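The values are calculated or read from the model by the stated rules, or taken from the named source; none is laboratory data. This structure is a prediction, so every number in the text was calculated from the model and none was measured. Counting neighbours? That spans all protein chains shown, and the Cβs are built from the backbone with ideal geometry, glycine included. Surface areas here come from the heavy atoms of the whole protein model, side chains and all, with no ligands, DNA or RNA. Shrake-Rupley method; radii C 1.70, N 1.55, O 1.52, S 1.80 Å.
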Amino acid sequence: MKKVITYGTFDLFHVGHIRLLKRLKTLGDYLIVVISTDDFNRLKGKKSFFSYEERKEIVEACKYVDMVLPENIWEQKRTDIIDNKVDILGMGDDWKGHFDDLNDVCEVVYLKRTEDISTTQIKNKLSVITPQKLQELEKSVHNVFDIVKAISGANR
């Protein structure tokens, strides 16, 4: 059995994640996904929208994934690969070259990322929705309703 492993935060699970996991699964028979824990994310200066347990549950529900493990430190990759008898480490190409030192224990493959989508992009788009913007939107919607009422009343 050929085993593949990958690492990531997998926050705000989206089509880019699905496409990556699907491509990784085609590289072998068994896909292990290692997800950054909340504590590890804090060490990296990251904050996930969903907790580790929620992200784990979401990723486990993906039909391409056979096993999910926690990532607690950067240095655990070598041990994970050896302990789980992994044949291929697959990562997004934004990490190209970062894990080449693991070529002595498995094949390292970097896959092209899905264009125009990332968790960071989604978070940036959502960050513009402030309470003030919501109030402005609410006022606009009410204004539209008032205009529609006025037009409806005038046409009777």
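General observations
- Take the conditions (1) in a loop (DSSP other than H, G, I, E, B); (2) closer than 19 Å to residue 112 by Cβ; residue 4 misses just one of them, which is (1).
- Each residue in region 47-73 was checked for being of a type outside the set (Gly, Ala, Ser) and more than 23 Å from residue 111 (Cα to Cα), and 8 pass.
- Every residue from region 60-97 that is of a type outside the set (Lys, Arg) and farther than 17 Å from residue 24 by Cβ: 70, 72, 73, 74, 75, 76, 79, 82, 83, 97
- Conditions (1) open to solvent by 60 Å² or more (accessible area, probe 1.4 Å); (2) assigned to a loop (DSSP other than H, G, I, E, B); (3) touching a residue at least 12 places away in the same chain (Cβ under 8 Å): number failed by residue 10: (1)
- The residue that is farthest from residue 110 (Cα to Cα), counting only those in region 1-46 that are within 11 Å of the chain's Cα centre (by Cα) and hydrophobic (A, V, I, L, M, F, W, C), is 12.
- Candidates are the residues of region 13-48 that are β-branched (Val, Ile, Thr) and modelled with pLDDT of 95 or more; the one that is surrounded by the fewest Cβ atoms within 10 Å (Cβ to Cβ) is 26.
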